[in-house]
Amino acid sequence: MAKHLIAVLPGDGIGPEVIAQATRLLELYRDERDLPLDLWHLDLGADRYLKDGTTYPKEIADRIAKEARAVLLGALGDPRVPGLEHAKDILFGMRFGLDLYANIRPVKALADRLVPLKERTAKDVNLVVFRENTEGIYVGMGGQFKRGTPDEIAINEDVNTRKGVERLIRAGFEHAKRHGNKTVHMADKSNAMRHAHELWYRVFFEVANEYPGIAAKHVYVDALCLYLVQDPSQFEVIVTCNLFGDIITDLGAAFQGGLGMAGSANVHASDPARVAMFEPVHGSAPPLAGKDLANPIASFLTVGMMLTHLGWPEEEARIERACTKAIIDKQCTKDVGGALGTRACGDFLISEIERSF
């Protein structure tokens, strides 16, 4: 059986600590379950950039595009690189270079005590956000005029194409169809952004006509944030633009215990055979680096998403069960009510998953 090449980039700050635990999980599946996984460890990140200026070499980018099935990426960002040159080249090089247009963020609480909302429990928090990943206001189009003067002008352009909007919306509806969801919400600001977001509004309902069994519901993004806090159970699938998706998903992370519980996938949703990138999304958190404090659960859940992408959805369910037990038994880090360090939490999760084989 051909092996699946997985590029592993530990990242910066707490990235190497949590990715080390996720790598142990992949090694467990490779060695104990005989999954055909070939781990390719890459020395890329702030340390490498500060050493010799390397960010994301073309030869590595080309091999990932041609040979890899998945990338496991740790958080990027280091105060020693204030311009984030290495992070931009790596992250955008993958998202844009590989056309990973769908950022998929599950928002699922694993235990009641993680939900900070009054009279809400874990059963009320189970949704997924599809965030457009290659367009919008993050494409970097714009500029500054008369910089540093009282007359300075700063402009960022919000880029939305019919192709980009439609394929992201379709990915959300396809997900809903596969998982038996009854609703898809689309969040925009078409009442204020009449050109860019009228496109989202129009395309959303055009695509929805192809999915008659799924209710298409439009909501302005500011109202969506209100409704999420009031009652997240009314949402199953949310589709939205790059900027709004960035904000909504971090709000959603609060419902599941914080960013240390949030995994993600970046995929070319219309072609699952293409390489995809998976990352826990908690950030590099430099003040926590090297202190054995970082929560590794997001990295385990992220590996679960990767294994589903590679064809083993039952293993994602197994990993989620182990993470749930870690939370319920408080065999977890301090941010989610436990007293363990990063490594010890990883030990517990690995032992639980291995025991369940």
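Each value in this text was obtained by applying a stated rule to the coordinates, not by laboratory testing. Please read these numbers as outputs of a predicted model, since none were measured by experiment. Don't worry about glycine lacking a Cβ; one is built from the backbone with ideal geometry, like all the others, and counts go over all protein chains shown.
Just a few scattered comments:
- Amide H contacts under 5 Å for ALA262: VAL281, ALA298, restricted to partners 5 or more places along the chain or on a different chain, H placed in the peptide plane at 1.01 Å from N.
- Cα-derived Rg over Rh, computed across segment 110-258 with Rh taken as Kirkwood radius: 1.04
- Charge context of ARG170, other residues only, Cβ under 11 angstrom, K/R +1, D/E -1: -1
- Kirkwood hydrodynamic radius over Cα pairs of segment 241-348, then Stokes diffusion coefficient at 20 °C and 1.002 mPa s, in µm²/s: 146 µm²/s
- Packing-based ranking of 217-223, 123-129 yields 123-129, 217-223, ordered from highest to lowest mean Cβ neighbour count within 10 Å.
- Rg followed by Dmax, in Å, when the chain is reduced to its Cα trace: 20.2, 65
- Distant-in-sequence amide contacts of LEU37, defined by a placed amide H-H separation under 5 Å and a gap of 5 or more residues or a different chain, comprise HIS4.
- Among 306-313, 38-45, the order from most to least packed when residues are scored by Cβ within 10 Å on average: 306-313, 38-45
- Sites excluded, GluC sites (Glu not before Pro) in DSSP loops with at most 14 other C-beta within 10 Å, longest stretch of the chain: 211-357
- Over the chain, Cα pairs under 8 Å with separation of 6+ residues give a relative contact order of 21 percent.
- Note on segment 279-326 and segment 134-194: Cα centroid distance 28 Å, given to the nearest whole angstrom.
- Working note: Karplus 6.51/-1.76/1.60 with θ = phi - 60° gives segment 11-21 the couplings x, 10, x, 7, x, x, 5, 7, 5, 4, 6 Hz, where Gly and Pro are set to x.
- Cβ-defined net charge surrounding ILE328, 10 Å radius [Lys, Arg +1; Asp, Glu -1]: +1
- 24 Å Cα-Cα threshold exceeded, pairs from LYS88/LYS108; LYS108/LYS177; LYS291/LYS330; LYS58/LYS88; LYS88/LYS291; LYS58/LYS163: LYS88/LYS108; LYS88/LYS291; LYS58/LYS163
- Distant alpha-carbon pairs in segment 72-142 (separation over 15 angstrom), percent: 68 percent
- Summary of packing: across the peptides 179-186, 340-347, the per-residue average of other C-beta atoms within 10 Å ranks them, highest first, as 340-347, 179-186.
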